[in-house]
Amino acid sequence: MGGNQKKTVEAGGIRSFIAGGFGGVCTVVSGQPFDTIKVRMQNQSGGALYKSTADCVVKTVKNEGFFALYKGMAAPLVGVVPIFAINFLGYANGKSLCYWATGKNELSAFQHGLSGSLGGLYMTVLIAPGERIKCLLQVQTTGKAKYSGPMDVIRQSYREGGIRSIMRGTAITAVRDMPASGCYFAAYEYTKQHFRKTNSELSFWHILVAGGFAGWANWAWALAPDVVKTRYQTAPEGKFSGARAVVPELLRTEGVKGFFKGFAPIALRAWPANACCMMGYELALKAMNWAVPVQAY
């Protein structure tokens, strides 16, 4: 396995870029309803609108129809290919750096995590404006909507505060995504390494389980920064001087539990969405390897 491992990493850069984009599409389609519920739960103050996750689902579908669960999907779906592709490219680049730094042919789960953090940094610049657009569309409920679609969000945001308004939340997005991406890939590789102790070849189910655990590990870090990011990105222009200004207000009005709003829909979404992501990623890599074989995969 020693010599082949390096060839796998070197050959996997562009393939990881393509496969990561396909995995991202799988993630959005499977996880968007959960994400919509998560954002609505996080954005309410004091639990005024929804009593629970189930109540949020019922009221959303009853008042706005089933497809309201897919509100705001256009922005992440259009952006998800480059975002996930760049994340997985960054991960591949990070692995190459770790191989170069250690001189070893195999990486530990921790080193996979360090590599994944680079992927989180890569994708922050792309994901921040897309998340702002998505969140502003998702928090629209009944009544006259302020925004008619993603492009209208961009136009109005630029008119209100220029490019800074569109990019609002970039720093807190980095705080969320760099460590979270590291946790994601560390958990994925650790789980696969555990399965390999008793299985020479990993099955469909092994990949799904590893992807599910990776999703949970990602959100174990990301949930609190995500709540802060959502509040900051959906607040009226000028309400907060920065993402840090959200923290004391959230503590004052809702306490520590306010940082964990949306836990239930996130936990429900993380497993299937990330299982689908990693399955799509692995299948895309295998398809490319079948079409254009490389010496080692």
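Per residue, the accessible area of the chain comes to 48 Å², computed with a 1.4 Å probe over protein heavy atoms only.
Based on C-alpha pairs under 8 angstrom that are at least 6 apart in sequence, the stretch 79-206 has a relative contact order of 31 percent. Taking only protein heavy atoms and a 1.4 Å probe, the accessible area of the chain is 66% carbon and sulfur.
Counting heavy atoms of the protein chains alone, Leu69 has an accessible area of about 10 Å² for a 1.4 Å probe.
The structure shown yields P(r) over Cα pairs in 10 Å bins from 0, in percent, and of the options [x] 6, 27, 34, 20, 10, 2, 0; [y] 4, 12, 16, 14, 9, 5, 4, 4, 4, 4, 4, 4, 5, 7, 4, 0; [z] 5, 23, 29, 21, 12, 7, 3, 0 that calculated value carries the label [x].
Over 28 Å between Cα atoms, which of Lys261/Lys286; Lys38/Lys146; Lys104/Lys192 qualify? Among Lys261/Lys286; Lys38/Lys146; Lys104/Lys192, the Cα-Cα distance tops 28 Å for Lys261/Lys286. With contacts taken as Cα pairs under 8 Å and at least 6 residues apart, the chain reaches a relative contact order of 28 percent.
If you sort His194, His112, His206 by accessible surface, 1.4 Å probe, largest first, the order is His194, His206, His112. In the stretch 44-184, Rg over Rh equals 1.09, where Rg is the alpha-carbon radius of gyration and Rh the Kirkwood radius from pairwise Cα distances. Scalar couplings 3J(HN,Hα) for the stretch 56-66, obtained by applying the Karplus form with A = 6.51, B = -1.76, C = 1.60 to θ = phi - 60°, are 5, 4, 4, 5, 5, 5, 5, 7, 10, x, 4 Hz; x denotes Gly and Pro.
Note on the stretch 124-160 and the stretch 79-95: Cα centroid distance 24 Å, given to the nearest whole angstrom. Looking at this model, which pairs from Lys62/Lys239; Lys144/Lys229; Lys197/Lys257 are more than 28 angstrom apart at the alpha-carbon? Check vs 28 Å cut-off fails for Lys62/Lys239; Lys197/Lys257. Note on Met178: accessible area is roughly 60 Å² with a 1.4 Å probe, heavy atoms of protein only.
Can you list the cysteines of the chain that have no other Cys Cβ under 4.7 Å away? Cys56, Cys98, Cys135, Cys183, Cys277 - these cysteines have no disulfide-compatible partner (Cβ-Cβ under 4.7 Å) in the chain. Here's the list of aspartates and glutamates a cross-link from Lys71 could span, going by alpha-carbon distance under 19 Å and ignoring same-chain residues fewer than 8 apart: Asp35, Asp55, Glu131, Asp152, Asp226.
Ranking Phe259, Phe67, Phe34 by solvent-accessible area of protein heavy atoms (1.4 Å probe, all protein chains present), from largest to smallest, gives Phe67, Phe34, Phe259.
The values are calculated or read from the model by the stated rules, or taken from the named source; none is laboratory data. The shown structure was predicted, so the numbers you read here are calculated from the model rather than taken from an experiment. Virtual Cβ from ideal backbone geometry, glycine too; neighbours counted across all protein chains shown. Each accessible area value is taken on the protein alone, full model and side chains, heavy atoms only, with ligands, DNA and RNA left out. Shrake-Rupley method; radii C 1.70, N 1.55, O 1.52, S 1.80 Å.
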